[in-house]
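Worksheet: the structure to be examined is printed underneath.
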Amino acid sequence: MDISLFDYDLPPELIAQFPSRRRDRSRLCVLDRSTGRVEHRRFADIGDYLRPGYALVVNNTRVFKARLTGRRVSGAEVEIFLVRALDEAALSWLALARPTRRLKAGERIRFGDDSVILERHRGEGVWEVLFPGKMVRKRIISTYGHVPLPQYIHRADVPSDLRRYQTVYAAKEKTGAVAAPTAGFHFTRSLLTNLQSKGIHVLEVTLHVGPGTFKPVSVQRIEDH
């Protein structure tokens with residue numbers, strides 16, 4: 001299938017740069033496959049299309065401030081994008097670092113008085129990064145971390161993004177995603193409660209979303225992606 005079949009016009013001014021004040025007031029487009037009829041509703045109306053006994057499966061992963069901005073000894077800025085922990089203590093991490101071509105294995109990247117070590121380059125900008133301890137890791141992420149917003153959000157992250165760039169059912173103990181399962185952004189606690197009262201089952205799974213979600217499709221045939 002040729003990728004051009006997925007092309008459509010989306011004016012930039014229609015891409016919201018900040019979320020709606022009320023999650024469930026976002027727009028909902030409904031297609032009736034039997035008639036081809038299209039309706040434009042609000043997400044709060046989704047219960048009109050779900051029947052008792054249906055199962056609604058949600059991803060309870062939680063996004064953390066995975067994009068770190070540090071400096072080399074020379075003072076040059078370096079971005080460390082944490083992807084996933086490689087050990088149980090979460091001290092060794094797989095990360096994307098840039099500008100990669102100037103970095104060297106064994107080099108320290110400083111974050112104020114703290115630092116991490118670039119242990120090994122795996123190629124294509126992927127590095128193994130080592131934190132010296134749990135408290136240092138928490139301090140660096142808390143102080144120097146940024147919420148990794150999608151590329152179509154053309155602004156810097158703000159403090160409220162750590163709350164709003166999450167689903168309402170994101171669990172603190174399930175922290176580990178570098179991107180949010182955005183399809184669930186529009187659910188509210190009250191909406192989920194209303195759906196359950198109608199006999200709709202809400203089931204949770206944990207799937208940490210990785211940086212691959214930001215990667216554009218670069219092939220002509222979608223089967224080759």
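Values computed for the structure shown
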item	result
0 to 90° range, to nearest 10: angle between helix 134-144 axis and the chain longest Cα axis	70
Relative contact order of the range 110-225, defined on C-alpha pairs under 8 angstrom at six or more residues apart (%)	17
Distance cut-off 26 Å, percentage of C-alpha pairs in the chain lying past it	50
Length-normalised contact order of the chain in % [C-alpha pairs under 8 Å, at least 6 apart]	28
Dimensionless Rg/Rh of the range 69-115 - Kirkwood Rh, Rg from C-alpha atoms	0.97
Of PRO132, PRO181, PRO159, the one that fluctuates the most in a GNM where the chain has Cα springs shorter than 10 Å	PRO159
Inter-part distance where the range 3-20 and the range 84-126 are each reduced to a Cα centre, Å	34
Sites excluded, chymotrypsin sites (Phe, Trp or Tyr not before Pro) in DSSP loops with at most 14 other C-beta within 10 Å, longest stretch of the chain	55-151
Cross-link pairs beyond the 20 Å C-alpha cut-off, checked among LYS134/LYS215; LYS174/LYS198; LYS138/LYS172; LYS104/LYS215; LYS65/LYS134	LYS134/LYS215; LYS174/LYS198; LYS104/LYS215
In the range 148-225, the trypsin sites (Lys or Arg not before Pro) that fall in loop regions by DSSP, at most 16 other Cβ within 10 Å	ARG155, LYS198
Sum of -39500 (n - 2.57) over DSSP H runs of 4+, divided by residues of the chain (222 nm, nearest 500)	-3000 deg cm²/dmol
Inter-probe distance in nm under a simple model that places probes 7 Å from Cα toward Cβ, at ARG101 and THR213	3.1
Under DSSP loop assignment and at most 15 Cβ neighbours within 10 Å, longest GluC sites (Glu not before Pro)-free interval of the chain	125-225
Efficiency of FRET from Cβ geometry, GLU223 and CYS29, R₀ 22 Å, rounded to 0.05	0.25
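We did not get these values from a lab; they are worked out from the coordinates using the rules stated. The model shown is predicted, which means the values in this text are computed figures rather than measured ones. Positions of Cβ are generated from backbone atoms using ideal geometry, with glycine treated the same way; all protein chains shown enter the neighbour counts.
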